Amino acid sequence: MSLLTITDLTVTFGDFTALDSIDLTIDEGELRFLIGPNGAGKTTLIDTITGRTHPTHGTITFNGHTLNKRSEHQIARTGIGRTFQTSVVFEELTVADNVDLAAAHRLPPWQLLRAPRTHPDHVTRILDRVGLTPHTHAKAATLSHGQRQWLEIAMLLAQKPRLLLLDEPVAGMSTDERARTGELLTQIAADHTIVVIEHDMDFLRRHAHQVTVLHEGRVLTHGDLTTVQNDPQVQQVYLGRTHQKAHT
Amino acid sequence: MTTTLTRLRGPLTFTALIAAALLVLPHLLEPFRLNLLAQYLCYAIVALGIALAWGRGGMLTLGHGVYFGLGGYAMAIHLTLARTAADPLSADRLPQFMVWSGRTELPWFWTALTHPAAAIAAAVLVPGTVATLLGWSVFRQRVRGAYFAILNQALAAAFVILLIGQQHLTGGSNGLTDFPVFAGHSLYTPTAQTTLYTLTVLTLAALYLLFRHITRSRYGKLLIAIRDGEDRVRYLGYNPTWAKTLAYALSAMAAGIAGALFVPILGIISPTLVGVIPSIMMVLAVALGGRYSLTGAATGAVLVNAAQTTFAETFAGGWTYLQGALFVLVIALAPQGLAGLTHHAKNALTRGRTPTPAPEPTTAGSPT
């Protein structure tokens, strides 16, 4: 059953067409990778789904809701969570408070005015899951880059979204951190629907099953990783180009 | 080893301070000084609100004089009516300035404030409503930072122009003064002044506890999150508009309450007390004391106003320069204000675990 359906989605900024008649369907339980060269429109697509950018035309339907005109927080409340390329966590709050805040959006307003002495169980469990338990009471500002990304994933899990959008979760990470993130991703994918934007080919080879390639705002092709890698069009616009770049 | 003691230290210090402020200071200080202290404590109440809106919510409000003024004028209008009601010479309860400007009956918003309870309610609700309307419409449009500060500043300027322009309704640049009675009690006795002082201390204490609870709640954390990453908060499913509006309205209501207390204490309200300069002074005091700490902000307000009086008494012109220099120093060397300095000093002394900043409440400063 399809969870997210994007039909004929076009986004223009002035004369520039960032997304050009995109059609895309994400099924419940899927782990989908979104790749494409710089400027292909990957982040714009996620921005449009989450309400940061509004579609010029076309429709986005999620779980029976049309998202087009809704604002960011309303879309988040329908069950879509996202992370950002440069991780944004609340530095002045503790790690646990970051996660708690992400979980608390479902609470009625007067509950927000209470001051809990201890953190709820689900916060502790999520911190354990992403391996941040030792940092529970540390300010988020003290975390390393990799730990911040995990904290963002923890916040995402606490939000309990039905669809997770991850924008370059392993960018700037060390090899160990990548491996750890990969494990985490596989774990989460078992019971979540996830869309991942990722550039890292090694990471793709390890974890990607279904891949959608974007190029200049259009869906170039879609399929499993081997098919996509062997597609001459893809090699030309994407893999070929990075290949050349690697050699210059 | 001393967890119970450390947990009790805050409440104990707080209670001791309140006790000292209520039981000791009225006997120690001559009535004139006690009256001054009561004024400073009114500014401390405003400071608590600014610390909530600015320190926590990131809303730099350069127009809190307006809310202070709305509360103050609500009370001043009521007190003027209380005077004219007791005055056999005043026809139709009209104050003199209205008679001189040719008015023959009281404007509706004067009559509405005839009852003391109405005046108190208005002092809280009018600032609250104005701030809610302004905040909601502005935050919804995602106006923030310097633009919001300038908007507030403009509001303060417009408020003063309105007060002066509508002389027949507000007393113009002279403002309103001479308040002999409130709810049948004379305000010109030493007991009345002590009572007002006590009332101010209790209000400050109550608002401190309320705001302290708010800053420690999830909502308080949400405010910090909004301050540091408003856009990120939206993707967590929160609408920052209502959260910011609430904090802004609460801080406006605190300023309104402070204004209402201030008027019978000082005995006058006029546009010079509520305009652009006083608004900036209120923020300045919070910056000096430490905007991230409620105690710091309140202490800052007391100290700055006390220093102002002291310096104005000894060398009048020097204060402005000293104040400017102090402000520059604090911004350059201690952006977290006095509260930040004491917090660092405490950490340096203990070198142990460093929990979240919770400096002990040192609300009452010595007014020389």
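Values quoted throughout were computed directly from the atomic coordinates according to the rules given, and no laboratory measurement underlies them. Only a predicted model underlies this, so the values are computations on that prediction, with no experimental measurement involved. Virtual Cβ from ideal backbone geometry, glycine too; neighbours counted across all protein chains shown.
Looking at the protein assembly as shown, send over the antiparallel percent of its DSSP beta bridges, to the nearest 5.
The answer is about 60 percent antiparallel.
For each of B:313, B:230, count neighbouring Cβ atoms within 10 Å of the residue's Cβ, then give the residues from fewest to most.
B:313, B:230
Determine the relative contact order of segment A:156-205: mean sequence separation of Cα pairs under 8 Å and six or more apart, normalised by residue count, in whole percent.
52 percent.
Would you mind getting me the FRET efficiency between residue A:224 and residue A:144? Use the beta-carbon distance for r and R0 = 30 Å, nearest 0.05.
My answer for the efficiency is 0.30.
If you add up the charges near residue A:54, with Lys and Arg at +1 and Asp and Glu at -1, over every other residue whose beta carbon is less than 12 angstrom from its beta carbon, what do you get?
Around residue A:54, the charge tally is +1.
If you wrap a convex hull around the C-alpha atoms of segment A:8-122 and split its volume per residue, what is the figure in Å³?
It is 159 Å³ per residue.
Take chain B, connect every pair of alpha-carbon atoms lying under 10 Å apart with a spring to form a Gaussian network, then pick out the residue of B:229, B:135, B:337 with the largest mean-square fluctuation.
B:229
What is the fewest-to-most order of A:137, B:64 by other Cβ atoms lying within 10 Å of their Cβ?
The fewest-first ordering by Cβ neighbours comes to A:137, B:64.
What is the local net charge at residue B:188, summed over the other residues whose Cβ is closer than 14 Å to its Cβ (Lys, Arg +1; Asp, Glu -1)?
Summing Lys/Arg as +1 and Asp/Glu as -1 gives 0.
What's the exposure ranking of B:54, B:242, B:100, going from fewest to most Cβ atoms within 10 Å?
B:100, B:242, B:54
Give, in whole angstrom and from largest to smallest, the semi-axes √(5λ) of the equivalent ellipsoid of segment B:16-170, with λ running over the eigenvalues of the Cα gyration tensor.
Taking √(5λ) for each Cα gyration eigenvalue gives 30, 27, 13 Å.
For the protein assembly as shown, place one equal point scatterer on every Cα, skip the solvent, and apply the Debye formula. What is log10 of I(q)/I(0) at q = 0.09, 0.10 Å⁻¹?
-0.81, -0.93
Label residue A:216 and residue A:187 with points 7 Å out from Cα along Cα→Cβ: what is the distance between them in nm?
Going by the 7 Å Cα→Cβ label model, 4.3 nm.
Percent relative contact order of chain A, based on C-alpha pairs within less than 8 angstrom and at least six residues apart?
Computed value for chain A: 26 percent relative contact order.
Could you work out [θ]222 nm for chain B from helices alone, using -39500 (n - 2.57) per DSSP H run of at least four and dividing by all its residues? Round to the nearest 500 deg cm²/dmol.
About -23500 deg cm²/dmol.
Hey, got the dipole for segment B:190-291? About the Cα centre, +1 on K and R Cβ, -1 on D and E Cβ, debye to the nearest 20?
Charge dipole, segment B:190-291, about its Cα centre: 380 debye, nearest 20.
Obtain the nm distance between the two label points defined at residue A:69 and residue A:114 by a simple spin-label model: each point lies 7 Å from its Cα along the Cα-to-C-beta direction.
Modelled inter-label distance: 3.7 nm.
If you split all Cα-Cα distances of segment A:155-199 into 10 Å bins from zero, what percentages do you get per bin, shortest first?
So the P(r) values, bin by bin, are 26, 58, 16.
Give me Rg/Rg_expected for chain B, where Rg uses Cα atoms only and Rg_expected = 2.2 N^0.38 Å with N residues.
Working it through for chain B, the quotient is 1.01.
I'd like the per residue volume of the convex hull spanned by the Cα atoms of segment B:1-95, given in cubic angstrom.
171
Show the residues, 5+ positions off or on another chain, whose built amide H is closer than 5 Å to the amide H of residue A:219.
It is A:23, by chain and number.
Please give, to one decimal in nm, the separation of the simple spin-label points placed at residue A:233 and residue B:206, each 7 Å out from Cα toward the Cβ.
7.1
When you take every Cα atom in segment B:9-52, what is the radius of gyration, and what is Dmax, the widest Cα pair distance, in Å?
12.3, 33
Over segment B:26-111, what is the relative contact order in percent, taking alpha-carbon pairs closer than 8 angstrom and at least six residues apart?
Result for segment B:26-111 is 15 percent.
Among B:91, B:334, B:44, which one shows the biggest mean-square fluctuation in a GNM of chain B, springs joining Cα atoms closer than 10 Å?
For chain B, modelled as a Gaussian network with Cα springs under 10 Å, the answer is B:91.
Limiting things to C-alpha atoms, what are the Rg and the maximum Cα-Cα separation (Dmax) for chain A, in angstroms?
Values for chain A (Cα only, Rg and Dmax): 18.5, 59 Å.
Could you compute the net charge surrounding residue B:238? Neighbours are other residues with a C-beta less than 12 Å from the C-beta of residue B:238; K and R count +1, D and E count -1.
+4
Mind telling me which of B:314, B:241, B:215 comes out most flexible in a GNM of chain B, alpha-carbon contacts under 10 Å?
B:314
Using the Cα centre of the protein assembly as shown as the reference point, and only Cβ charges (+1 on K/R, -1 on D/E), how large is the resulting charge dipole? Debye, rounded to the nearest 20.
1100
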